[in-house]
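Please treat every number below as a calculation from the coordinates, not as lab data. These figures come from a predicted structure and were not determined experimentally. Here the Cβ positions follow ideal geometry from the backbone for every residue, glycine too, while neighbour counts run over all protein chains shown.
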Amino acid sequence: MADVTALQLIQRILAKTGAGGRPQTVDHVAAGDPTQAVSGIAVMAMADLATLKAAAAAGRNLAVTYDPGFWSGDDNFDHLERNALFAEKRDLLRAHGMVLFNLHDHWQGRMPDGIAAGMAQALGWQAEAANPNLFHLPPMTLLALAQELSAKLGDRTLRVVGDPKLPVATIATSFGNAAQMPGIALLGGPADVLVCGYTHEWEVVEYAQDMIAAGGKKGLVLLGQNASVSAGMRYCAGWMKEFIAEVPVEFFAAPEPYWNPE
Amino acid sequence: MLDRRDVIASGAGLAIAGATPARAASLTVGDVLTRMRSRIGTEWFPGGVDRIIAGSADTEVTGIATTMMATFDALKAAVAKRANLVVTHEPTFWSHPDTVSQLRDDPLYRTKLAYMQAHGLVSYHLHDHWHARLPVDGINDGMAQQMGWTRYRDPAAQRRYILPPTTLAALAREFQHKLGDRTLRVVGDPALKVSKVWESWGYCSAFPGIDFLDNDVDVLVIGEAQDWDLIAYAQDLVAAGRRKGLILLGHVLSEQWGMKTCAEWLKGFVPEVKVTWLPLIEPYWNLKQPVFEIDTKL
């Protein structure tokens with residue numbers, strides 16, 4: 001069988017998302033030669049050094065990542081020319097003939113949203129038919145919800161705004177980064193609680209505090225970025241296997257990046 | 001709508017009547033801002049986010065409250081302290097430039113604004129100039145005092161501190177203890193030996209954060225950063241074997257003692273009214289301590 005190149009696979013993946021024709025996107029080949037023959041695909045939440053090393057060791061030379069490998073949302077290399085860690089990471093990719101492909105916008109733009117679908121699967125939650133980011137769960141407390149998220153996602157450091165005893169049943173999710181909009185609109189909507197990866201403390205966190213201070217019965221959960229998208233990329237790896245038979249496809253999990261002191 | 005009791009309490013009614021010759025000339029918000037501009041130690045520069053966010057400069061000041069973030073709770077606390085000028089380091093309306101164009105019909109925006117109008121509150125965003133204050137960034141000054149670190153500051157770099165040697169875990173516990181920080185997070189080896197600390201209180205973007213981490217320091221301490229830029233860089237440094245750590249305190253707790261310093265500073269040149277610092281409680285809890293303290297506990 002003829003070699004399949006990174007570009008051929010990337011084009012197939014993008015076409016299968018059905019989310020093409022975007023006026024602008026951060027999805028791009030961030031490193032490597034797109035004509036490189038692919039030995040295997042490593043799917044990951046973020047192309048951090050440890051995960052790339054694991055992929056290289058396993059002989060998977062096409063890394064497909066939700067979050068970038070070079071420490072900025074759009075892989076802006078300004079300021080990095082003389083950065084030693086940048087050179088080290090680039091050299092690792094070169095030494096293993098790796099291609100790094102950022103798959104962010106197209107995966108979330110897929111119908112249904114690939115991150116939300118994968119997260120729902122990991123959580124065992126059923127989304128509303130018309131909205132993959134809205135869930136109606138059996139009533140529980142905000143504390144119980146936080147405990148469930150922690151247990152199912154392996155998230156030890158999540159942070160919560162709101163009354164732990166607050167009854168919650170309707171959950172809005174904005175996995176990954178929740179920008180001020182739609183974050184504010186989601187908190188103002190029918191949901192009792194908004195679950196996201198990260199959001200600025202001076203935007204949606206302040207808004208959630210103010211809603212509570214104004215008498216609103218609301219909660220906000222910040223999972224951390226890795227815990228909030230990993231299952232979405234695990235699901236992405238399974239999805240790719242449906243239409244990529246030439247090379248192995250494998251999801252590479254990464255541990256939580258931070259810890260809380262005892 | 002302005003409540004009549006508030007009008008009388010603020011003295012505005014008497015000023016209009018002009019019937020109190022014994023009373024000193026009134027102090028307006030504009031007067032306070034003029035004094036601040038002449039005492040910041042640097043040129044007052046255009047642009048940036050510092051401005052009156054709600055209320056007007058000709059409002060007579062009954063009292064001043066400084067706070068890290070003009071949350072609804074903080075505004076209520078200011079009213080309880082009879083302060084009607086709230087000097088806030090962070091936004092009042094949920095974005096750095098306090099952009100409200102998309103919020104005109106937002107019920108919470110209307111409620112918060114109506115509360116401020118009903119109580120004659122003026123919110124002043126003091127962010128850029130408080131950081132630019134000379135000889136030392138006002139936030140850095142207050143945080144160093146709260147941590148007891150003033151004597152450890154590197155004379156050549158105000159953001160760098162040389163502490164007695166400790167470990168990353170012990171340094172994290174020191175922050176927990178001194179700032180009341182239950183949810184701080186740490187990247188790096190808990191046993192890492194640390195002495196040289198670089199601070200960037202508040203939000204830290206990839207640049208200059210990456211340069212801060214690459215300086216001759218063991219640990220960078222910040223308020224918050226995005227997981228996919230600066231935090232990712234710290235993770236990669238650790239994975240590459242560099243002996244570095246990153247501590248994420250949370251934004252409010254990482255800067256708010258700088259607004260205590262701001263209150264002390266204002267007291268020095270606004271003797272006419274009481275100046276109060278309103279400390280905020282950490283907005284979050286985590287599973288180790290699921291406590292609810294933000295709701296009108298100020």
Expected 222 nm ellipticity per residue - DSSP helices of 4 or more, -39500 (n - 2.57), all of chain B, to 500:
-10000 deg cm²/dmol
Run the paramagnetic zone check for A:R12: 7 angstrom along Cα to Cβ, then residues of the stretch A:237-258 with backbone nitrogen under 18 Å.
A:237-251
Obtain the nm distance between the two label points defined at A:Q126 and B:E293 by a simple spin-label model: each point lies 7 Å from its Cα along the Cα-to-C-beta direction.
4.1
At R0 = 41 Å the Cβ-Cβ FRET efficiency linking A:A87 and B:T150, nearest 0.05, sits at 0.60
For peptide B:150-160, the mean count of other chain Cβ atoms within 10 Å per residue Cβ is 0
If you average the sequence gap of Cα pairs under 8 Å that are 6 or more apart and divide by the length of the stretch A:10-132, what percent do you get for the contact order?
34
Using a simple charge model, +1 on the beta-carbon of Lys and Arg, -1 on the beta-carbon of Asp and Glu, nothing else, what dipole does the protein assembly as shown show about its Cα centre, in debye to the nearest 20?
1100
Built amide H within the under 5 Å cut-off of B:V87, gap 5+:
B:A65, B:T66, B:T67, B:Y124
Residue-wise HN-Hα coupling along the stretch B:38-53, computed from phi with Karplus coefficients 6.51, -1.76, 1.60 (Hz; x: Gly, Pro)
7, 10, 6, x, 8, 4, 6, 9, x, x, x, 10, 6, 5, 6, 8
Spacing of the two label points (7 Å from each Cα toward its C-beta) at A:A185 and B:T99, in nm:
1.4
Taking chain B as a Gaussian network, where each spring joins two C-alpha atoms under 10 Å apart, which residue of B:G245, B:G55, B:G268 fluctuates the most?
B:G268
Does anyone have the angle between helix A:114-123 and the longest principal axis of chain A? Alpha-carbon axes, 0 to 90°, nearest 10?
60
Here the whole-number average of other chain Cβ atoms within 10 Å per Cβ of B:173-182 is 1
Filtered hits (lysines, Cα-Cα < 19 Å from A:K89, offset >= 8 within chain) -> A:K53, B:K244
CD proxy, 222 nm, chain A: helix-only mean residue ellipticity via -39,500 (n - 2.57) per DSSP H run with n ≥ 4, per residue, nearest 500, stands at -10500 deg cm²/dmol
Phi angles of the stretch A:154-167, converted by Karplus (6.51 cos²θ - 1.76 cosθ + 1.60, θ = phi - 60°) into ³J(HN,Hα) in whole Hz with x for Gly and Pro, give x, 10, 8, 10, 4, 10, 10, 10, x, 7, x, 8, 4, x
Would you pull out the residues with amide H under 5 Å of B:Q226's amide H, same chain only if 5 or more places away, H placed 1.01 Å from N?
B:I231
I'd like the distance separating the alpha-carbon centroids of the stretch B:56-77 and the stretch B:192-209, in whole Å.
31
Quick one: which residues, 5 or more positions from B:T167 or on another chain, have an amide H under 5 Å from its amide H? H modelled 1.01 Å from N in the peptide plane, none for Pro or chain starts.
B:V194
Summing +1 per Lys or Arg and -1 per Asp or Glu among the other residues with Cβ less than 13 Å from A:I244's Cβ gives +1
Run the numbers for B:R51 and B:N215: contour at 0.36 nm per residue of separation, minus the present Cα-Cα distance, in nm.
55.6 nm
Apply 1/(1 + (r/R0)^6) to the Cβ-Cβ distance of A:M140 and A:K241, taking R0 = 35 Å, and write down the FRET efficiency to the nearest 0.05.
0.55
Let me confirm one metric for peptide A:211-218, namely the mean number of other chain beta-carbon atoms within 10 Å of its residues' beta-carbons.
5
So how do A:143-149, A:31-37 stack up, highest first, on mean other-Cβ count within 10 Å?
A:143-149, A:31-37
Karplus (6.51, -1.76, 1.60) ³J(HN,Hα), θ = phi - 60°, over the stretch B:107-117, in Hz, Gly and Pro reported as x
x, 6, 4, 5, 5, 5, 5, 5, 4, 5, 5
Could you pull out every one of the lysines with an alpha carbon less than 26 Å from that of B:K112, ignoring same-chain neighbours closer than 8 positions?
A:K165, A:K217, A:K218, B:K76, B:K81, B:K260, B:K274, B:K297
Between B:K274 and B:A114, with labels modelled 7 Å along Cα→Cβ, what's the label distance in nm to one decimal, could you check?
2.9
Euclidean distance of C-alpha centroids, the stretch A:18-56 and the stretch A:186-262, integer Å
21
If Lys and Arg each add +1 and Asp and Glu each add -1, what is the summed charge of the other residues whose beta carbon sits under 10 Å from the beta carbon of A:T170?
-2
Most to least packed among B:198-209, B:78-89 [average Cβ atoms within 10 Å]
B:78-89, B:198-209
Given 0.36 nm per residue, what is the gain on full extension from B:E174 to B:R242 after removing their alpha carbon distance, in nm?
22.2 nm
Using the per-residue mean of other Cβ atoms lying within 10 Å as a proxy for protection, in what order, highest first, do the peptides A:252-259, A:130-137 fall?
A:252-259, A:130-137
